[in-house]
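The next block holds one structure in the form of structure tokens; read it before the comments.
Derivation of every value follows stated rules applied to the coordinates shown; laboratory data play no part. Note that the structure is predicted; figures quoted are calculated from it, not measured. Virtual Cβ from ideal backbone geometry, glycine too; neighbours counted across all protein chains shown.
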Amino acid sequence: MFKKLLILAAFSLAATPALAAEADFYGSWKITESVKAPWEDPANPMTTDDSERYTDKVVEIAKGSMKGPDLMGCGTTELAVQSFPYAGLFEGGLGVKPGDAAAPYDEAKAKRLAEGLGFTAEPVESLMQGCSELILHRLDATTLVFGLNNRIFTMKKQ
């Protein structure tokens, strides 16, 4: 019996940091702005601009759910926190050369652009959810960012 309790306690302690990190993302987040992403190919720009669709909308994140506009409105979903190096942010988009898929990945450029966006330390805590490919990267305690259709959106905690 005592051995079972020790095993259960060990599993509980191991899961606590992940749950605590996930809970840091819980709450209401307002999408406040967006900027053109550095990976957009100037020779083939996006013809759609999702800024109006998402800006000033609120996203609600809670245990096992995410509610908001369009791709953010998952409802019940799995949430998981992962850590990414600067080179992994926005699916690796910061270190690519727009319009040249054969160009080597530039980690120094990814670091420079990440720091230009306001990131101050690696790895970057990020929230993934099971209903869309959007990944919410924590810029600071009250700011999240995500990439969508060649734009980087900013979310502020409400």
For helix 2-23, report the angle its Cα long axis makes with the longest principal axis of the Cα atoms of the chain; keep it between 0 and 90° and round to the nearest 10°. 30
Listed residues Met46, Met128, Met66; largest mean-square fluctuation, Gaussian network over the chain with Cα springs below 10 Å, found at Met46
Taking θ as phi - 60°, what are the ³J(HN,Hα) couplings along segment 57-70 by the Karplus curve (6.51, -1.76, 1.60), each to the nearest whole Hz, with x for Gly and Pro? 8, 10, 10, 9, 10, 9, 4, x, 8, 8, 10, x, x, 6
Sticking with the crude label model, points 7 Å out along Cα→Cβ, report the distance from Gln82 to Asp49 in nm, one decimal please. 3.2
Any idea what % of Cα-Cα pairs in segment 108-147 are farther than 15 Å? 42
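Report, in cubic angstrom per residue, the convex hull volume of the C-alpha atoms of the chain.
Working: hull volume 21.1 nm³, N = 158.
Hull volume normalised by residue count: 133 Å³.
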How high is the relative contact order of the chain, in percent, with contacts defined as C-alpha pairs under 8 Å that are six or more residues apart? 27
Top mean-square fluctuation among Ala141, Ala102, Ala21, Gaussian network model of the chain, C-alpha springs under 10 Å? Ala102
